[in-house]
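Participant: This structure is in structure tokens; I'll ask about it shortly.
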Amino acid sequence: MALQEFISKFYDKGGPAFLNRFEVMIISPFDANPNISDDRFVSFKVVNVTIPGKNLRTVTNENVYGPTYQMAQGLTYAESVSMNFYLGTTHFERTFFMNWMDMIVKPDSYNLEYYDNYKRSIDIYQLDKNNQKTAGIRLQDCYPKTIGAIEYAQESGEVGQINVDFVFKEHTHIDGNGRVINEKYAPSVELSANRQRGRNMSVNGGLEIDPTSGPF
């Protein structure tokens, strides 16, 4: 009975996520690759990709009596996202990303392109058993940073692959339709004086003792 209940509860939220069912949507700048069908072609060639994690940067609060503790200080993400792509005999996939990088840094003059012109979003989706998008993540402000080397070997009969590292600014959780799930989240900031366990926050940010609240 417990097993059946576990299975039933599991499928209440869509069932298990199989990690070989995914889809990546890459759209490069028009000036780098004008044909939009090339974006779809290269996106289809993704062999593997890792969805980046999220980390709260903390700092130790030592201005207390007794044990110290960790306080949130900020937010950090992974530095890059790595993807492997199947490589065709014409090396079209490598050329695709070389065009993007050459747009960023012009190989003939070494001039830099404007940041807003070369950054793009990349969507990574989880697919269900019917190949329908169910959830995903949007990497914002992406562009390729590193194109990996290609190693040839006489004894190897495997299909060639190429590794590309993308940098990004941040990522957001999206649903199967590409809508940002946490879009409505907006942290509220209280500017007036707050009461915290019998204490008032002064307008200067310090703590003031409330004489009517008793010991604190």
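The values are calculated or read from the model by the stated rules, or taken from the named source; none is laboratory data. Computed from a predicted model, the values in this text were never measured in an experiment. Cβ atoms come from the backbone with ideal geometry, glycine included; neighbour counts cover every protein chain shown.
Participant: Any idea which residue in the stretch 18-39 is surrounded by the most Cβ atoms within 10 Å (Cβ to Cβ), counting only those that are assigned to a loop (DSSP other than H, G, I, E, B) and hydrophobic (A, V, I, L, M, F, W, C)?
Facilitator: Ala32
Participant: I'm trying to understand the selection: among the residues of the stretch 84-133, which are in a strand (DSSP E or B) and more than 19 Å from Ile27 (Cα to Cα)?
Facilitator: Here is the first cut: in the stretch 84-133, the ones in a strand (DSSP E or B) are 84-86, 105, 112, 120-127, 133.
Listed by number, the residues that qualify are Leu112, Leu127.
Participant: Another question about this same structure. With farther than 20 Å from Thr146 by Cα, touching a Lys or Arg at 6+ places or on another chain (Cβ under 8 Å), surrounded by 11 or more Cβ atoms within 10 Å (Cβ to Cβ) and at pLDDT below 95 as the only criterion, which of Gly15, Gly74 stands out?
Facilitator: On inspection, the qualifying residue turns out to be Gly15.
Participant: Residues to consider are Lys169, Lys106; find the one that is touching a Cys at 6+ places or on another chain (Cβ under 9 Å) and farther than 22 Å from Lys45 by Cβ.
Facilitator: Lys169
Participant: Can you pull out every residue in the stretch 134-174 that is part of a loop (DSSP other than H, G, I, E, B) and either in contact with a Pro (Cβ under 9 Å, 6 or more places away or on another chain) or exposed (fewer than 12 other Cβ atoms within 10 Å of the Cβ) (or both)?
Facilitator: Answer for the stretch 134-174, where residues must be part of a loop (DSSP other than H, G, I, E, B) and either in contact with a Pro (Cβ under 9 Å, 6 or more places away or on another chain) or exposed (fewer than 12 other Cβ atoms within 10 Å of the Cβ) (or both): Ala149, Glu151, Tyr152, Ala153, Gln154, Glu155, Ser156, Gly157, Glu158, Val159, Phe168, Lys169.
Participant: Another one. Out of Phe44, Phe22, which single residue is in contact (Cβ under 8 Å) with a residue 40 or more places away in the chain and of a type outside the set (Gly, Ala, Ser)?
Facilitator: Matching residue, one of Phe44, Phe22: Phe22.
Participant: Taking Ala72, is it free of Cβ contacts under 8 Å to residues at least 60 places away in the same chain, within 30 Å of Val159 (Cα to Cα) and among the aliphatic types (A, V, I, L, M)?
Facilitator: Judged against the criteria, Ala72 is not a match.
Participant: Then there is this: Quick one: would you say Ser43 is among the small types (Gly, Ala, Ser), in a helix (DSSP H, G or I) and closer than 19 Å to Gln161 by Cα?
Facilitator: Here the answer is yes, as Ser43 does meet what is asked.
Participant: Tell me, which residue of the stretch 46-75 that is part of a loop (DSSP other than H, G, I, E, B) and β-branched (Val, Ile, Thr) is nearest to Asp141 (Cα to Cα)?
Facilitator: Looking at the filtered set, the residue picked out is Ile51.
Participant: Still on this structure, I have one more. Would you mention how many residues in the stretch 60-99 are more than 28 Å from Val164 (Cα to Cα) and of a type in the set (Asp, Glu)?
Facilitator: Residues meeting the conditions: 1.
Participant: What about Leu3, is it among the aliphatic types (A, V, I, L, M), under 23 Å from the mean Cα position of the chain (by Cα) and either surrounded by fewer than 12 Cβ atoms within 10 Å (Cβ to Cβ) or outside the structural domain of Tyr115 (by TED's automatic domain parsing) (or both)?
Facilitator: no
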